[in-house]
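The values are calculated or read from the model by the stated rules, or taken from the named source; none is laboratory data. Everything quoted here is computed from the prediction, not taken from an experiment. Glycine also receives a Cβ, built like all others from the backbone with ideal geometry; neighbour counts cover every protein chain displayed. Protein only, heavy atoms only, side chains kept; ligands, DNA and RNA dropped before computing areas. Shrake-Rupley method; radii C 1.70, N 1.55, O 1.52, S 1.80 Å.
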Amino acid sequence: MNKTWILSDQNPEAESVLLSGGIPPIAAKVLAARGIDSISEAKDFLNTDISIIEDPNRLPDIDAACSRIRKALDNGERIAVFGDYDVDGLTAVCLVVKWLRKKEADCIYYIPNRVEEGYGLNVDALEQLAQKGVSLVITVDLGITAIEEALWAKQNGLGLIITDHHKCRDDLPEACAVVNPRRADSEYSFKYLSGVGVAFMLVLAYEGFENIEPMMTEYSDLVALGTISDMMPMIKTNRALVHRGIQEINRGNRVGLKALVRESASENAEVNTGIIGFSIAPRLNAAGRMGYANDELELLLTDDPQAAQRLTEKVCELNRERQKTENDTYHEVVEYYEENIRNTDKDEGPILICNDTWHPGVIGIIASRLSERYARPAFLISLKDGVGRGSVRSFYGVNILTIMQKVSHLFETWGGHEYAAGFTIPEENIPALSELLKNVSCELETPHINIDTVLDGDMLTENTISDINTLEPFGPHNAMPAFLIRNMEIKDIIPLGWGNSLRLKVAIEGKDYPAFYFGGHRDRPDMCCGDIVDAVCKLEGDRSRGESFLRIVLLDIRLEKEANKKLRIELELFNRLKTGKDITRKEAVSLMPKKSEFVALLRHIHRNSDSSGSVRAMIGSMLRTVSREENIELSYARFLVCFEALAEKNRLTYSLENDQIEVKLLEGCPTNLNTSKILMRLRELSEN
């Protein structure tokens with residue numbers, strides 16, 4: 001997908017002011033580009049001291065929640081902590097369970113099975129807990145929309161405290177307490193706590209705000225995990241919570257988390273938001289996605305190193321299983337979309353696809369990949385026993401909750417955030433949902449990448465990463481900086497894993513750097529070895545054999561301007577020839593391929609085709625590769641004439657769409673290509 005690059009307005013004056021105040025050079029460039037132009041504003045934004053954390057006693061119903069918990073502890077009641085199966089929910093469950101058990105409470109937990117039960121409170125689960133002698137349920141990271149479930153609890157004498165951070169609706173559940181900073185009557189000014197953040201504030205309010213320091217030592221690692229995983233805005237209170245939490249993670253005092261870090265990060269790596277977001281959290285999430293959230297929770301709860309290692313190995317194995325399931329299902333979904341929806345009357349509005357064989361734990365990730373690929377919101381539904389469990393992912397500028405509100409009468413349950421949500425729906429309501437979604441207006445922003453600033457090669461020094469880390473912790477509202485680096489040479493490309501990512505060697509001003517292109521399928525980016533590109537990227541630090549080094553993470557690339565111009569001109573010329581439009585004699589002469597070009601092209605296809613004889617690649621990078629491999633002059637248009645002539649003579653088939661070519665070799669005897677229609681027309685035009 002082509003994305004618009006939006007370079008932020010640069011502010012050299014603000015940059016100078018920030019430099020004079022001790023802000024490192026690259027951090028100063030980024031902050032200035034983001035509109036911060038004074039030392040005081042920069043220091044306020046970067047502040048991570050716990051003194052900025054707001055008193056939790058300002059949260060709504062916090063006193064009632066603490067009073068009900070105190071009563072339960074005093075009376076020896078059995079308490080159940082009921083939480084979501086994602087990392088935010090599970091860290092919240094772990095935090096509250098750990099805290100209650102320290103108080104010698106009779107405490108159990110309940111995590112709904114993602115596959116069997118889906119998201120949220122449900123009456124069957126509450127009934128099971130009541131039968132086990134539970135008299136108080138504390139929810140974490142869910143419950144704000146559980147009107148019917150709360151009513152059942154009240155009617156059956158089951159105490160219920162709801163703690164949640166999701167958007168509230170007009171009606172709140174009837175419960176002993178509903179603690180949510182987003183309530184309309186909330187006096188708590190910071191509205192962006194995670195689910196585990198709200199759970200921590202409940203514990204902190206009970207213990208007393210003056211005891212924040214020991215509470216941060218004990219629990220901030222869990223708060224950091226959940227807050228980063230749930231992609232909460234990394235500003236103000238969240239910066240303080242996450243900054244301290246990362247420090248505690250690196251101290252390694254939580255046995256299970258220490259074992260998981262050992263498996264998730266390179267040796268001696270210092271954990272940061274990137275390692276949590278892209279290595280630790282996906283492994284933890286995998287257990288919940290595959291229906292084994294209790295293993296994930298026990299890993300966080302255990303104090304036994306041997307149990308921690310065993311559970312870590314199981315969680316990592318589940319993550320590998322999740323990756324394979326996700327990859328297989330993604331290709332199945334894409335194939336279905338291309339064959340049954342694309343360019344039909346169904347190809348309107350958000351994408352909606354359902355299936356009764358998909359694992360419900362992976363459809364959220366697939367919906368995200370689908371929305372990115374086809375530039376629109378995606379609804380995916382896994383069907384079982386007449387009920388669909390769905391995941392929705394947004395695309396640039398679309399508020400998913402606004403769309404879902406318009407069709408909410410069709411759902412049994414639904415909820416989530418602006419860009420990611422879930423729902424359950426009776427199977428018989430899916431056709432109606434499909435029809436309504438066709439009429440939903442999706443006012444999409446143009447797909448784009450925001451770039452903070454341009455970096456020259458001389459700014460890539462041993463201090464680069466420490467400069468950037470001044471801005472940590474990263475997350476929404478404080479994204480890891482995106483840099484534009486011009487004239488980067490691609491020196492090597494190696495596919496990784498399932499073929500979804502690439503490892504590269506690149507050169508900037510003559511110096512080599514390792515690079516990665518996550519999600520950059522081998523056959524999709526328009527790049528090949530030898531290309532000179534402009535690249536939007538992030539910069540990370542890494543360690544190997546005891547040495548620190550800079551690593552580049554590519555976000556998007558473009559051929560340098562003149563090379564891209566040549567590609568566009570020649571594709572347009574070939575299209576004129578193929579569609580029978582007029583071309584000049586000079587153009588016809590330039591389009592006549594040589595025998596060496598046919599040979600080079602066929603040799604490349606044979607070398608790179610899969611077992612079925614097929615090759616798929618971006619047309620530009622394929623033809624530049626052929627030209628460099630065979631040391632022949634590059635002409636995109638002549639190579640395309642070769643494809644057309646070979647296709648006419650049944651030596652191959654090819655399709656070209658959105659600059660991507662797919663070629664399949666056909667078995668057959670050598671043939672006289674000179675009698676192909678396209679070559680005969682070129683000869684005729686050349687001789688006139």
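Quick notes
- All strands (runs of 3 or more DSSP E) inside segment 332-415 with 1 or more residues being more than 20 Å from Lys438 (Cβ to Cβ) and either open to solvent by 10 Å² or more (accessible area, probe 1.4 Å) or touching a helix residue (DSSP H, G or I) at 6+ places or on another chain (Cβ under 8 Å) (or both): 378-384, 387-393
- Flag for Ile569 being over 24 Å from Gly668 (Cα atoms), part of a loop (DSSP other than H, G, I, E, B), among the β-branched types (Val, Ile, Thr) and at pLDDT 90 or above: no
- Among the residues of segment 232-262, the ones that are open to solvent by 10 Å² or more (accessible area, probe 1.4 Å), farther than 15 Å from Gly277 by Cα and aliphatic (A, V, I, L, M) come to 2 in all.
- If you filter segment 416-432 down to residues that are under 23 Å from the mean Cα position of the chain (by Cα) and among the aliphatic types (A, V, I, L, M), you find that the one that is surrounded by the fewest Cβ atoms within 10 Å (Cβ to Cβ) is Ala420.
- Once segment 450-501 is narrowed to residues that are aromatic (Phe, Trp, Tyr) and assigned to a loop (DSSP other than H, G, I, E, B), the residue that is least open to solvent (accessible area, probe 1.4 Å) is Phe474.
Residues checked against (1) open to solvent by 30 Å² or more (accessible area, probe 1.4 Å); (2) closer than 26 Å to Lys586 by Cα:
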| residue | (1), (2) |
| --- | --- |
| Arg628 | yes, yes |
| Asn631 | yes, yes |
| Tyr636 | no, yes |
| Leu646 | no, yes |
| Gln660 | yes, no |
| Leu665 | yes, no |
| Asn674 | yes, yes |
| Glu687 | yes, yes |
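- Failed criterion for Leu444 (all others in (1) at pLDDT below 90; (2) touching a helix residue (DSSP H, G or I) at 6+ places or on another chain (Cβ under 7 Å) hold): (2)
- If you go through segment 100-132 and keep only what is open to solvent by less than 10 Å² (accessible area, probe 1.4 Å), assigned to a helix (DSSP H, G or I) and not small (Gly, Ala, Ser), you end up with Leu100, Leu126, Leu129.
- In the set Ala14, Ala28, Ala80, Ala72, only one residue is modelled with pLDDT of 95 or more, more than 25 Å from Asp458 (Cα to Cα) and part of a helix (DSSP H, G or I); that residue is Ala72.
- Residues of segment 585-616 that turn out to be surrounded by 13 or more Cβ atoms within 10 Å (Cβ to Cβ) and under 45 Å from the mean Cα position of the chain (by Cα), as a count: 17
- Unmet criterion (only one of (1) open to solvent by less than 60 Å² (accessible area, probe 1.4 Å); (2) in a loop (DSSP other than H, G, I, E, B)) for Met201: (2)
- Among residues of segment 291-315, those that are modelled with pLDDT under 90, surrounded by fewer than 23 Cβ atoms within 10 Å (Cβ to Cβ) and not polar (S, T, N, Q), counted: 3
- Cβ pairs under 6 Å, 6+ apart, first in segment 450-471 and over 17 Å from Ser8 (Cβ atoms), second part of a loop (DSSP other than H, G, I, E, B) and open to solvent by 40 Å² or more (accessible area, probe 1.4 Å): Gly457/Glu509
- Residue within segment 642-654 that is at pLDDT below 95, within 22 Å of Gly580 (Cβ to Cβ) and in contact with a Gly (Cβ under 6 Å, 6 or more places away or on another chain) present: yes
- Of all residues in segment 157-191 being surrounded by fewer than 20 Cβ atoms within 10 Å (Cβ to Cβ) and of a type in the set (Ser, Thr, Tyr), the one that is farthest from Met231 (Cα to Cα): Ser186
- Within segment 473-490, residues that are closer than 15 Å to Glu509 by Cβ have Cβ atoms under 8 Å from residues that are modelled with pLDDT of 95 or more and assigned to a loop (DSSP other than H, G, I, E, B) in these pairs: Phe483/Asp452, counting only partners at least 6 apart in sequence or on another chain.
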